[in-house]
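Asker: Next up is a structure, given as structure tokens.
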Amino acid sequence: MTDALQGAYRVMRTIRAVEEQVRATGDHRYPSEEALAAGVCLHLDGRDAIAGTHRRHGHRIAKGVDVRAVLAEIRRHPPAVTDTLGGVPLLICGAAIAAKQQNTGGVGVAFLGDGPGTTLEALNLASAWHLPAIFVTEDTGYADRVAGLGVPGVVVDGSDFFAVHEAAGEAVGRARRGGGPTLIEAGFPRHVGDCLQRFRSRVTDSGELREQVLDAIDAEVARLIEDSVSAPGAARDDVETDVYVSY
């Protein structure tokens, strides 16, 4: 359990450090939502697919994408160029259909912003076809709306890693067992660093982790970001391909 907690904190701290680096370039991608990304993605493995909106770097890092590749992409391309917005829910339905047809046990997870896009259409499709899909939304009210579709709707505090992790674990397990889709509605105030401080307080107060251990992770992540930022940029030929990493 101690190793798992350290891993969760490392993921969240890495997301926060990348966000702070991105803000230095004038963009603000993923404000204080690291608990949401980590709480969900730490249940996933190579069978699973994720898709997110314009605030997607945190999801990618939580899923295991190399941080150096993420920062290289940000340096070389304006974020708006590579954004995927309203089509995310249907993309994940496609991934869920493939997982179901191939019987891999995989799930598709859509991280949604605060706009509707194709969310209701995708939820209807996922319900009708009983797809292994999970929809994670910041938009309030969706949990109530999906009841008529027969889709469980769960409301969690998105800044509480433990609450998100528990809800996501139930949703992922249900999808893998053939139980169909789930919607997780995550609400939180976007106070930078709030979820990290809450995590630290809980694990240190309980005695599960010491402050020194968490401080060491902070230093390790800081070195990773520094090394990633100072690394040589991609070659010109690579830039023109618009592809830095597969995930």
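Asker: Working carefully through the options 47, 16, 29, find the one that is in a loop (DSSP other than H, G, I, E, B), within 17 Å of the chain's Cα centre (by Cα) and modelled with pLDDT of 90 or more.
Answerer: Sole residue among the options that is in a loop (DSSP other than H, G, I, E, B), within 17 Å of the chain's Cα centre (by Cα) and modelled with pLDDT of 90 or more: 47.
Asker: Run residue 163 past the list (1) at pLDDT below 95; (2) touching a strand residue (DSSP E or B) at 6+ places or on another chain (Cβ under 6 Å); (3) under 30 Å from residue 215 (Cβ atoms) and report the number of the one that doesn't hold.
Answerer: If we test residue 163 against (1) at pLDDT below 95; (2) touching a strand residue (DSSP E or B) at 6+ places or on another chain (Cβ under 6 Å); (3) under 30 Å from residue 215 (Cβ atoms), just (1) comes out false.
Residue-wise test of (1) under 29 Å from residue 15 (Cα atoms); (2) surrounded by fewer than 17 Cβ atoms within 10 Å (Cβ to Cβ); (3) among the β-branched types (Val, Ile, Thr).
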{"site": "119", "(1), (2), (3)": "yes, no, yes"}
{"site": "126", "(1), (2), (3)": "no, no, no"}
{"site": "138", "(1), (2), (3)": "yes, no, no"}
{"site": "143", "(1), (2), (3)": "yes, no, no"}
{"site": "156", "(1), (2), (3)": "yes, no, yes"}
{"site": "167", "(1), (2), (3)": "yes, no, no"}
{"site": "180", "(1), (2), (3)": "no, no, no"}
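Asker: Could we say that residue 172 is under 30 Å from residue 200 (Cα atoms) and either buried (at least 17 other Cβ atoms within 10 Å of the Cβ) or touching a Phe, Trp or Tyr at 6+ places or on another chain (Cβ under 6 Å) (or both) here?
Answerer: Criteria met by residue 172.
Asker: For residue 186, indicate whether it is under 23 Å from the mean Cα position of the chain (by Cα), surrounded by 15 or more Cβ atoms within 10 Å (Cβ to Cβ) and assigned to a helix (DSSP H, G or I).
Answerer: No.
Asker: Could you figure out which of (1) modelled with pLDDT of 90 or more; (2) surrounded by fewer than 20 Cβ atoms within 10 Å (Cβ to Cβ) isn't true of residue 8?
Answerer: (2)
Asker: Restricting the search to the range 205-214, which residues are surrounded by 11 or more Cβ atoms within 10 Å (Cβ to Cβ) and more than 11 Å from residue 9 (Cβ to Cβ)?
Answerer: Correct list: 210 only.
Asker: Answer yes if at least one residue in the range 205-228 is modelled with pLDDT of 95 or more, outside any helix (DSSP H, G or I), of a type in the set (Ser, Thr, Tyr) and in contact with a strand residue (DSSP E or B) (Cβ under 9 Å, 6 or more places away or on another chain), and no otherwise.
Answerer: no
Asker: From 151, 164, 146, which residue is part of a loop (DSSP other than H, G, I, E, B) and touching a residue at least 24 places away in the same chain (Cβ under 8 Å)?
Answerer: Within the list 151, 164, 146, the selection yields 151.
The values are calculated or read from the model by the stated rules, or taken from the named source; none is laboratory data. Quantities reported herein were computed from a predicted structural model and do not represent experimental measurements. Every residue, glycine among them, receives a Cβ derived from its backbone with ideal geometry; neighbour counts consider all protein chains shown.
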